[in-house]
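I have placed the structure first, in the form of structure tokens, so that the comments after it can refer back to it.
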Amino acid sequence: MKRTLKTLMALVLAGTMYVGFAQDGAVPSTLVVGMVPSREADAIVDSLEPIAQMLSERIGIPVETFVSTNFVGLVEAMGTGRVHVGMFGPAGLVQAMDAHGAQPLLASVRQGSTTYRSQFNVRCDSGIESFEDLRGKTIAWVDPGSASGYQFPYVTLRELYGIDPDTEMTGIFAGSHDAAALAVYLGDVDVAVTFGGSPGSDGRETIEGDYPDVKEVVCILGYSADIPNDGMVILPGIDAELKDKIADAFIEIANTEEGKALTQALFNVTEFARVSDPAVYDIVREVSRTFQR
């Protein structure tokens, strides 16, 4: 009950607090940092709160957190100025940049890797041994706005294997990576897509704490092409010095013992790095055009 109340409070606060569009050189009285949970939302709120406190101590202003129910909601929150810093998957990053002028702040790094892939998961006893076996099967996606949880695997099935997910498969949106992994573990669907495919990145691990045999029950069928890692964007009008402080603070937090434990639990991230070339996200834009109908 305590976690549920904390989650609701975070959602209500973020949904009702309007901080306005950031003007050039703006320093908000309270910095709002938002994200979409890749796993159970209560755990996200618990992990975000101490990170917000550590961030506040380093940048010198209060920090509030916003846990959105989906990627679209977080993009819209940045567009209305309710959220100053957004933590997104790559598809959400591109949407926030293209729709609202958000600027890349940091990229996630996992054990030295700045890319990952979409992971196709099937039960080991399902008899599914190749992608051709997926025709007529049920699939658990994550969210329509998720690069690894929908867009890249959708394009992989259609372009690489000639499978039309809309007509040759039956799909559901599980809402999070752990929910998708659980759906295939329980046998509710034939295949589920999650993040994966880079060092320390395996979507099955999102439920391994509750289902320790998940890697024996669920096997990896294959992967999509490489996807730029998730990361953070910031509203364009925020004061330049504050932007640098925020970036430096997150990099420092991920290098402390306490911060590293939190960032690994929250984002599966071992460190953050500045984005040197925004063009790295062009592949995400290309894939996203498939869904701009």
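In region 156-179, how many residues are within 21 Å of the chain's Cα centre (by Cα) and open to solvent by 30 Å² or more (accessible area, probe 1.4 Å)? Qualifying residue count for the region: 6. The numbered conditions (1) polar (S, T, N, Q); (2) closer than 18 Å to Gly149 by Cβ; (3) open to solvent by 50 Å² or more (accessible area, probe 1.4 Å) are all true for Ser224 except (3). Annotation: Leu182 fulfils all but one of (1) in a helix (DSSP H, G or I); (2) closer than 20 Å to Phe131 by Cβ; (3) over 15 Å from the mean Cα position of the chain (by Cα); the unmet one is (2).
Restricting to region 99-157, give me the number of residues that are touching a Lys or Arg at 6+ places or on another chain (Cβ under 8 Å) and assigned to a loop (DSSP other than H, G, I, E, B). Of the residues in region 99-157, 1 are touching a Lys or Arg at 6+ places or on another chain (Cβ under 8 Å) and assigned to a loop (DSSP other than H, G, I, E, B). If the condition is being over 15 Å from Arg110 (Cα atoms), in contact (Cβ under 8 Å) with a residue 24 or more places away in the chain, aliphatic (A, V, I, L, M) and out of contact with any helix residue (DSSP H, G or I) (no Cβ under 9 Å at 6 or more places or on another chain), then region 239-279 contributes Ala240, Ala247. Tell me yes or no: at least one residue of region 54-63 is open to solvent by less than 10 Å² (accessible area, probe 1.4 Å), more than 18 Å from the chain's Cα centre (by Cα) and modelled with pLDDT of 95 or more. Yes, some residue in region 54-63 is open to solvent by less than 10 Å² (accessible area, probe 1.4 Å), more than 18 Å from the chain's Cα centre (by Cα) and modelled with pLDDT of 95 or more. Taken over region 92-103, the residue count meeting the criterion of being under 15 Å from Gly231 (Cα atoms) and open to solvent by 40 Å² or more (accessible area, probe 1.4 Å) is 2.
Scanning region 251-283 for residues that are closer than 18 Å to Pro90 by Cβ, part of a loop (DSSP other than H, G, I, E, B) and open to solvent by 70 Å² or more (accessible area, probe 1.4 Å) yields Ser276, Asp277. Entry remark, region 114-123: residues being within 17 Å of the chain's Cα centre (by Cα) and open to solvent by 20 Å² or more (accessible area, probe 1.4 Å) number 3 in total.
The values are calculated or read from the model by the stated rules, or taken from the named source; none is laboratory data. Fair warning: this is a prediction, and the values are worked out from it, not measured in the lab. Positions of Cβ are backbone-derived with ideal geometry, glycine not excepted, and every protein chain shown enters the neighbour counts. Please note that ligands, DNA and RNA were not included when accessible areas were found on the heavy atoms of the full protein model with its side chains. Shrake-Rupley method; radii C 1.70, N 1.55, O 1.52, S 1.80 Å.
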